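> Dropping a structure here in structure tokens format, bear with me for questions.
Read the figures in this text as sums done on the coordinates, not as results from a lab. Fair warning: this is a prediction, and the values are worked out from it, not measured in the lab. Because the Cβ atoms are built from the backbone with ideal geometry, glycine has one as well, and the counts that use them run over all protein chains shown.
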Amino acid sequence: MAEAEGRGGRHVVVAGAGIAALGLALALKRANGPALAVSVFDPGLPEGASRHRGRAYAVAAGGRRMLERIGIWDRIGPATQAITDMAISDSRLRDPVRPVFLTFEREGEAEPFAHMVEAGPLVAALLAACAEAGVALDASGIASVRTEAGAARVALSDGRSLRAELVVAADGARSRLREAAGIGFVTRAYDQQGIVATIGHARSHEGRAFEHFLPSGPFAILPLADGGALGHRSSIVWTERADEAGALLAGDPEEVLAEIERRFTPALGRLSLEDGPSAHPLHLGLARRYRAGRLALLSDAAHVIHPLAGQGLNLGLAAAACLAEGITDALRLGLDPGGEDVLAAYERSRRFDALAMAAATDGLNRLFSNDLTPLRLVRDFGLGLVDRMPGLKRALIAEAAAARGPQPRLMRGEPL
């Protein structure tokens, strides 16, 4: 690939082809057209959407509005399922009854709390839309980035070199670009693994999500669009102690399904294992800064949180929307899209939200992933108290849906 330049030499390079990274690239290209060259580099690009098979995400209302605005939502309609209500329970695995302490229900014509979106179709739609819009998709890796007068010099793994005003490091929790820039990353491993799988079931979920807190960690059942051998499907996100996860998944599919059935709600009838399971070590990670010279961190390169609230992707999409807005506004004013003021504003806007969500999910995991009787009594009393306070429940729903406080334009459904 020759050096890619937009009119006036403006160029943004994105390292990594995850969902938030592709959303950023597409938003920038749609908003700025030929005035800005946008390139995405990821050695995993030849695998396309296949490397995301079996995964699904809860996309909050703000993220849905962003995907609508950049022209993706209509493309993935059949792969989405609205979450219209949620039930939260807390018990031991051996308990015969799982009391529901807290429910969230959609009121009237209010929008759904979130939509479950299958990752494969979402990534496929993003890749196709990026190609159509003129985003350069390249399977090379980025070997190094160094700053020079007014730009960054990007060296690719195949020996090529290009110039860009800004490099976005979206290359994961073990980001090489973050490390090379000298940005510290505070990390702490949870003694847990996250297990994901797609489960078929005989009865309809009717858009209801379940979050069942067990001493080893939460077990979430999240509704997917209908399909599969039994007609209905859900995604599970199962948190298990690290020393037990391997043994639980080591059996044949029937034994694994039996373990899932022990934790699954009986309300959905007969079960089948449609996809997975796969296990992933869980950890908390926070970058000390979100920027360096001509470099911005995005998504897991900036923050990794516990999956119990399903907010990791939503944080990434919000950051992508914020960064796209700052870059686009700078370009329209004739300013440097990779300048210190643009990157400082981006960091100020996103760092607090990420810290707050990391603290909240870490605290909830500590509170619920144990079997201490005093804590069980306190947390179950607290859940029941919240259930009797409709105003507080509405505020929590609005917070989870990214409907409170100032939001980037794309998250409000407005154009850049």
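> Any idea what the relative contact order of region 106-214 is, in percent, if you count C-alpha pairs under 8 Å spaced at least 6 apart?
11
> Right, here's the next one. From the helices alone, meaning DSSP H stretches of at least four residues, give me the mean residue ellipticity at 222 nm for the chain, per-run term -39500 (n - 2.57), in deg cm²/dmol to the nearest 500.
Using -39500 (n - 2.57) per qualifying helix, the result is -10500 deg cm²/dmol.
> In nm, give the distance between the simple-model label positions of Asn370 and Ala128, each being 7 Å from the Cα along the Cα-to-Cβ direction.
Result: 4.9 nm between the two label points.
> While we're looking at this one, here's another question. Where nothing but the Cβ of Lys and Arg (+1) and of Asp and Glu (-1) is charged, how large is the charge dipole of region 161-265 around its Cα centre, in debye to the nearest 20?
460
> Using only alpha carbon positions, build the gyration tensor of region 15-171, then give the equivalent ellipsoid semi-axes as the square roots of 5 times its eigenvalues, largest first, whole angstrom.
Value: 38, 19, 14 Å, ordered largest first.
> Near Gly134, within a Cβ-to-Cβ distance under 11 Å, what is the net charge of the other residues, with Lys and Arg +1 and Asp and Glu -1?
Result for the neighbourhood of Gly134: +1.
> Still on this model: To the nearest 20 Debye, how big is the dipole of the chain about its Cα centre, given +1 on the beta carbon of each Lys and Arg and -1 on that of each Asp and Glu?
880
> With only Lys, Arg, Asp and Glu charged, each at its Cβ (+1 for the first two, -1 for the last two), find how big the charge dipole of region 47-187 is about the Cα centre; round to the nearest 20 debye.
560
> Stick to Cα atoms and the Kirkwood definition of Rh, then tell me Rg/Rh for region 281-342.
1.06
> Within region 230-330, which trypsin sites (Lys or Arg not before Pro) sit in a loop by DSSP and count at most 15 neighbouring Cβ atoms inside 10 Å?
Passing sites in region 230-330 are Arg270, Arg288.
> If exposed GluC sites (Glu not before Pro) are those in a DSSP loop with at most 12 other Cβ within 10 Å, what is the longest stretch of the chain that has none?
207-416
> So for region 151-213, taking the charge dipole from beta-carbon charges (+1 Lys/Arg, -1 Asp/Glu), which of Gly184, Ala151, Gly194 sits furthest toward the positive end?
Ala151
> Same structure again: Of the candidates Ala321, Ala345, Ala61, which one comes out as most mobile in a Gaussian network treatment of the chain with C-alpha springs shorter than 10 Å?
Ala345
> Based on the Cβ-Cβ distance from Ser272 to Thr187, what FRET efficiency comes out when R0 is 60 Å, to the nearest 0.05?
For Ser272 and Thr187, the calculated efficiency is 0.95.
> For the pair Ala359/Ala344, report the inter-label distance in nm, with labels modelled 7 Å from Cα in the Cβ direction.
2.4
> Given a cut-off of under 8 Å on Cα pairs at least six residues apart, what relative contact order in percent is computed for region 6-100?
Relative contact order comes out at 23 percent.
> What ranking do Ile142, Ile327, Ile76 get, fewest neighbouring Cβ atoms within 10 angstrom at the top?
Ordered from fewest to most neighbouring Cβ atoms within 10 Å, Ile142, Ile327, Ile76 come out as Ile76, Ile142, Ile327.
> Can you sort Met86, Met357 so the residue with the fewest Cβ neighbours within 10 Å comes first?
The order, fewest Cβ neighbours first, is Met357, Met86.
> Within the chain, which complete DSSP H helices have Cα atoms spanning at least 27 Å along the helix axis and a mean Kyte-Doolittle hydropathy of 0.0 or higher?
Membrane-span-like by this rule: 312-332.
> Same structure, new question: Find the relative contact order for the chain and round it to a whole percent, using C-alpha pairs within less than 8 Å whose residues are 6+ positions apart.
21
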